[in-house]
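Visitor: Below is one structure. I have some questions about it.
The values are calculated or read from the model by the stated rules, or taken from the named source; none is laboratory data. In this text, all values refer to a predicted model and were calculated from it rather than measured experimentally. Note: ideal-geometry Cβ built from the backbone for every residue, glycine included; neighbour counts use all protein chains shown. These area figures cover heavy atoms from the full protein model, side chains too; ligands, DNA and RNA do not enter into them. Shrake-Rupley method; radii C 1.70, N 1.55, O 1.52, S 1.80 Å.
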Number of protein chains: 2
Amino acid sequence: MELSRALAKYSLDLSFEKIPDDVKMFTKLCILDYFGSAFAGSNKPPVQMISELINEMGGEKQATLLTGGRSSVLNAALVNGAASHIVELDDIHKASIIHAATVVIPAALAVAEWKKLSGEDLITAVVIGYEVCYRIGEAVSPSHYYYWHNTATCGTFGAAAAAAKLLDLNEEEFIYALGNAGTQAAGLWEFIEDGAMTKQLHPGKAAMNGVMAVLLAKKGFTGASKILEGNRGFFKAMSEEYNEGKITEALGEKYKIVENSFKIHASCRHTHHAVDLLIEMLHERETDPSEIESVIVRTYQAAIDITDNNDPQTQYASKFSLQFCSALALIKGSANLDDFNDSSLWNNETRQLMKKVSVVLDPEINAAYPEKWGAGIEVHYTNGDIVELKTDFPKGDPENPVSAKDLLEKYRNLARDLPEEKRERIAADILALESIGDMTDLLKDFSSSLLS
Amino acid sequence: MELSRALAKYSLDLSFEKIPDDVKMFTKLCILDYFGSAFAGSNKPPVQMISELINEMGGEKQATLLTGGRSSVLNAALVNGAASHIVELDDIHKASIIHAATVVIPAALAVAEWKKLSGEDLITAVVIGYEVCYRIGEAVSPSHYYYWHNTATCGTFGAAAAAAKLLDLNEEEFIYALGNAGTQAAGLWEFIEDGAMTKQLHPGKAAMNGVMAVLLAKKGFTGASKILEGNRGFFKAMSEEYNEGKITEALGEKYKIVENSFKIHASCRHTHHAVDLLIEMLHERETDPSEIESVIVRTYQAAIDITDNNDPQTQYASKFSLQFCSALALIKGSANLDDFNDSSLWNNETRQLMKKVSVVLDPEINAAYPEKWGAGIEVHYTNGDIVELKTDFPKGDPENPVSAKDLLEKYRNLARDLPEEKRERIAADILALESIGDMTDLLKDFSSSLLS
């Protein structure tokens, strides 16, 4: 069977009733986590530029923009997709290297709001969107990732799958939608060399393009039936190696969304293990930085390649510095979005402490990567004490899960610019999403600006 | 110098005054030819579906949709890009394998209309758009073309370059625009296996994406500075082989737009040489099909691979059948859009004549391909006469140019559903484009429908 057809059949077969309760709860947490990132990102310049563009272009008031106001379902998918990736706190799936929330959820949300669908519909669509893009990402990982931003490319399929479920596409239409999602899939990593704003355009366009493919399919606009495995399709064109089997292996038997990892700290994922351990240590033993003689962080090579930087020059770079993040964790006891600022970047205490942090390769931890993103810390106190801690997984991985409470706290922190009443009402509504009959209710009191 | 910077400098340096008169005239013919294809395509189902979608989404009335009405500049680029590729009569550049008109012109036209720019501005922008996408297409041809629809992928850069010139982007903004055009570049050939409607989505989205990149750049939205040659950029990610030198070789010294080929016949370009020769033969000697014993068409392998089909089952397939197109030319003396219909496809006379046509490889012609797309015909009459004709280039190639009169006749044929007065007024306006001070004038009397 063509892979698109297998995915279409899976999607058509899945209903809200079939989804186990723990998966439903997990999905609501994904949605809550999406909103936190999107609220925190909505006022950032690249997101505002995209939002301004959309407002100049205009559109029917079909769905809420998280930057304020309403526009067409395509425009909402674009803006709300761009908004939720920029604070670098959105969820991540290790095996497919995809941040699914920032693509799948804005697509699904815009369609659900437009068509006044229910919270149950939204949950079901999000489960399907994650499933489809994770499977495609796994099929092409890791080689595809060298050139391509999986969140954008594979994410386009996820956005389409979620929107297709919500708009009740039949099997053929679903296949067309995946065909025209895949032929729009784009997003090169080249922007990273310049730290360009492109990174926010990618998830926004992926969400928009996925929805566009679905709206066209609903009108009978045809697409390639073998967009994934075809001779001139997505796999062969865009991945040096790929594993088709990942698309259908146990499809419908398990729920890949629960493999999702949540980010608690506002830094690169490769710094989280050490930050977790240092915060854990502080819980056991209050420590003043002056008591510390040295800190050794042992980890895997990929973490060292990306985050061994003892002199970051920008806030952005500081999030990719293991030395900085370790020092920050020791001083603040956290690594929240707020903790990364020019003051913490340049203050003397941080800089002094960073000099005491060394990052070294641990062969055993390295051998276990990428299944395990582990680290060990060794903190030497000036009084001669040594504390050693080790973890195989950063907090937020499925193997080291965060609680709903942790995620709610993260949401509150990210959404802190919203009026408290509104912030809490939305969180409560999302956590009781099954009981929402019409998704326009969720964002009903967001008019010209979200932040008022 | 980075390649994007070289292209930005070239564009900033080019002014209408610098463009030689023959190039200006040629560019106006490209624009005229675009309108013919777009008018003929505007009522086709896939184009109507995209147009309906856009109308549902809504948008400010900034630019004319060739399907009727007005919408945002992005929506106009999308619809008008989709409209002009479907009748398969749009222009083609052999060396880059790009149909530039269907991407560059709708992008430029929408922006020029929106900003009330002049005909001179439009001509200059179109010259730049063609130059940029042809160069990029040449740099990645032929390997890129195996998976990717160059018109869509490389065309995105051309649309961006044209829009960037019209919106007066500075050098850095121009570079950002190319960066964010390239990161959106997409369009896989896989749809061709199903003959899916995707082919029309490609140029529409390329035009839209290119304009979006420009509108964002104008707001300061940054993009990759080395989107073409960078380690994770367009060339390395999307082309097995590429030649960077093509981007800057004699840049600014010649005008690649004049390398453009126009299509006179409504069939695959690989059938045109034979159709040209058979029509030429009929001009010399009126021939009834019953007088013909056999026809041998000698050509290059690529033409045989794509068009050796003696039993086409659909109108679309008949345009890719050398046997059918040859029979059609012999019976009708033409291969216009009108000539391809179910009646000609299935009638007995055509089918009988097709059986007499054989297609054979000519080693000499094959060796000269792709520089020359040549063919020879050998028509054997029942009375024993043999007529032989040969050409190195189909009509419409720069080496075998069509006249302005030929193109005007083609335009009139394609735009025949328009009221005559309107059709002629537009043609005349385009041929005097330099004298239009505000491009909104060109489409001023198109309100709800173009065809009334």
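Visitor: If you take the C-alpha gyration tensor of region A:386-446, multiply each eigenvalue by 5 and take the square root, what semi-axes do you get, largest first, in whole Å?
Guide: 33, 15, 7
Visitor: Ok, one more. Determine the percent antiparallel among the DSSP beta bridges restricted to chain B, to the nearest 5.
Guide: The answer is about 70 percent antiparallel.
Visitor: If you put a point 7 Å past Cα along the Cβ direction, how far is that point for B:E17 from the same point in each other copy, in nm, smallest first?
Guide: 7.7
Visitor: Here is a further query. Just tell me which aspartates and glutamates come within less than 12 Å, Cα to Cα, of B:K199; anything on the same chain fewer than 8 places away is out.
Guide: In chain and number order, the partners are B:E88, B:E190.
Visitor: Expressed as a whole number of Å, what is the distance separating the alpha-carbon centroids of region A:143-186 and region B:122-184?
Guide: 25 Å
Visitor: Now a separate question. Hey, any idea what % of the protein assembly as shown's accessible area is carbon plus sulfur with a 1.4 Å probe?
Guide: 47 percent
Visitor: Mind pulling the angle between the C-alpha long axis of helix A:119-140 and the longest principal axis of chain A? Nearest 10 degrees, somewhere in 0 to 90.
Guide: 70 degrees
Visitor: Here's a follow-up. Under a point spin-label approximation (7 Å from Cα along Cα-to-Cβ), what is the A:E249-A:K332 distance to one decimal in nm?
Guide: 3.8 nm
Visitor: OK, next. Suppose we keep just the DSSP beta bridges with both residues in region B:269-391; what percent of those would be antiparallel, to 5?
Guide: Among the beta bridges of region B:269-391, antiparallel pairing accounts for roughly 70 percent.
Visitor: Using only the alpha carbon atoms of region B:64-196, find the Kirkwood hydrodynamic radius as the inverse mean reciprocal pair distance, in angstroms to one decimal.
Guide: Across region B:64-196, the inverse of the average 1/r is 14.9 Å.
Visitor: Looking at the protein assembly as shown only, what percent of DSSP beta bridges run antiparallel? Nearest 5 please.
Guide: 70 percent
Visitor: Going toward the positive end of the dipole of the protein assembly as shown, with +1 on Lys and Arg Cβ and -1 on Asp and Glu Cβ, which of A:S294, A:A329, B:L408 do you reach last?
Guide: About the Cα centre, the residue reaching furthest to the positive side is B:L408.
Visitor: Additional query: Please list A:280-291, A:318-329, B:10-21 highest first by mean number of surrounding beta-carbon atoms within 10 Å per residue.
Guide: Ranking, from highest mean packing down: A:318-329, B:10-21, A:280-291.
Visitor: In Å, what Rg and Dmax follow from the Cα atoms of region A:269-391?
Guide: Reported Rg and Dmax, both Å: 13.3, 38.
Visitor: I've got another one for you. Using a label point 7 Å beyond Cα on the Cα-Cβ vector, give me the inter-copy distances for B:A404 in nanometres, one decimal, shortest first.
Guide: 7.5
Visitor: Okay, moving on. Determine ³J(HN,Hα), in whole Hz, for all residues of region B:195-210 in sequence, where each value follows from phi through the Karplus function 6.51 cos²θ - 1.76 cosθ + 1.60 and θ = phi - 60°; x replaces Gly and Pro.
Guide: Once θ is set to phi - 60°, the couplings for region B:195-210 become x, 6, 5, 2, 4, 7, 5, 3, x, x, 5, 4, 5, 4, 5, x Hz.
Visitor: Something else: Residue-wise, which Karplus ³J(HN,Hα) couplings in Hz belong to region B:307-314, taking 6.51 cos²θ - 1.76 cosθ + 1.60, θ = phi - 60°, and x for glycine or proline?
Guide: After applying 6.51 cos²θ - 1.76 cosθ + 1.60, I find 10, 7, 9, 9, 8, x, 9, 9 Hz.
Visitor: Oh, and also: Report, ordered by chain and residue number, the aspartates and glutamates lying within cross-link reach of A:K444, taken as a straight Cα distance under 19 Å and ignoring same-chain residues fewer than 8 apart.
Guide: A:E60, A:E113, A:E120, A:D121, A:D417, A:E420, A:E421, A:E424, A:D429, A:E434
Visitor: Which value at 222 nm does chain A reach when only helices count, each DSSP H run of 4 or more adding -39,500 (n - 2.57), with the total divided by all residues and rounded to the nearest 500 deg cm²/dmol?
Guide: -15500 deg cm²/dmol
Visitor: Using a simple spin-label model with points 7 Å from Cα along the Cα→Cβ vector, what separation in nm is obtained for A:I386 and A:K61?
Guide: Each label point is offset 7 Å from its Cα along the Cβ direction, giving 6.7 nm.
Visitor: Would you mind classifying region A:355-407 by shape? Square roots of the alpha carbon gyration tensor eigenvalues, ordered a ≥ b ≥ c; an a/c under 1.5 is rounded, otherwise it is prolate if a/b is larger than b/c and oblate if not.
Guide: oblate
Visitor: List the lysines whose Cα lies under 18 Å from the Cα of A:K390, skipping any in the same chain that are fewer than 8 positions away.
Guide: A:K390 reaches A:K372.
Visitor: Given a Förster radius of 35 Å and the C-beta distance between A:E371 and A:S343 as r, what FRET efficiency does 1/(1 + (r/R0)^6) yield to the nearest 0.05?
Guide: Once rounded, the FRET efficiency stands at 0.40.
Visitor: Once the mean 1/r over all distinct Cα pairs of the protein assembly as shown is inverted, what Kirkwood radius in angstroms do you read off?
Guide: Final number for the Kirkwood radius of the protein assembly as shown is 28.9 Å.
Visitor: What translational diffusion coefficient, to the nearest whole µm²/s, does chain B have by Stokes-Einstein, given a Kirkwood radius computed over alpha-carbon pairs, a temperature of 4 °C and 1.567 mPa s viscosity?
Guide: Answer from the Stokes-Einstein relation: 58 µm²/s.
Visitor: Before I look further, what does region A:1-83 give for accessible area per residue, probe 1.4 Å, in whole square angstrom?
Guide: Value for region A:1-83: 29 Å² per residue.
Visitor: Tell me, what HN-Hα J-couplings in whole Hz come from the Karplus equation 6.51 cos²θ - 1.76 cosθ + 1.60 at θ = phi - 60° for each residue of region B:215-220, using x for Gly and Pro?
Guide: These are the phi-based 3J(HN,Hα) values: 4, 5, 4, 4, 8, x Hz.
Visitor: Something else: Would you tell me which residue of chain B has the beta carbon closest to the rotation axis bringing chain B onto chain A, and how many whole Å away it is?
Guide: Axis-proximal residue of B, distance in whole Å: B:A186, 2.
Visitor: Moving to a separate point now. Would you grab the residues whose amide H sits under 5 Å from the one on A:E293? Only those 5+ places off in sequence or on another chain, please, with H modelled 1.01 Å from N.
Guide: A:H380, A:Y381, A:T382
Visitor: Another question, then. Please go through the residue pairs A:K44/B:K61; A:K332/A:K395; B:K165/B:K395; B:K319/B:K395; A:K24/A:K219; A:K9/B:K44 and name each one whose alpha carbons sit more than 21 Å apart in this structure.
Guide: Going by Cα-Cα distance, A:K44/B:K61; B:K165/B:K395; A:K24/A:K219; A:K9/B:K44 fall outside the 21 Å limit.
Visitor: Shifting gears a bit: Mind listing, in residue-number order, the residues in region B:53-84 that have at least 50 Å² less accessible area with every protein chain present than in their own chain alone (1.4 Å probe)?
Guide: Those residues are B:L53, B:E56, B:M57.
Visitor: Something else now. By how many degrees, 0 to 90 and rounded to 10, does the Cα axis of helix A:322-332 deviate from the longest principal axis of chain A?
Guide: 80 degrees
Visitor: Just to confirm, what accessible area per residue do you get for region B:160-292 at 1.4 Å probe, in whole Å²?
Guide: With the other protein chains kept in place, region B:160-292 gives 30 Å² per residue.
Visitor: Shifting gears a bit: For helix B:171-182, what angle does its Cα long axis make with the longest principal axis of chain B, in degrees from 0 to 90 and rounded to 10?
Guide: Helix B:171-182 sits at roughly 50 degrees to that axis.
Visitor: At B:N341, with labels set 7 Å past Cα in the Cβ direction, how many nm apart are the copies from this one, shortest first?
Guide: Copy-to-copy label distances for B:N341: 7.4 nm.
Visitor: Whose amide H sits under 5 Å from the amide H of A:I98, counting only residues 5 or more places off or on another chain, with H placed in the peptide plane?
Guide: A:H93
Visitor: Here is a further query. With heavy atoms of protein chains only and a 1.4 Å probe, what residues of region A:208-227 have at least 40 Å² less accessible area in the full set of chains than alone?
Guide: Flagged in region A:208-227: A:M212, A:L216, A:K219, A:F221, A:T222, A:A224.
Visitor: Taking amide H atoms as placed 1.01 Å from N in the peptide plane, list the residues 5 or more away in sequence, or in a different chain, whose amide H sits under 5 Å from that of B:R70.
Guide: Result for B:R70 returns B:L65.
Visitor: For region A:269-391, give the magnitude of the charge dipole about the Cα centre (Cβ charges: +1 Lys/Arg, -1 Asp/Glu; no others), in debye to the nearest 20.
Guide: 280 debye
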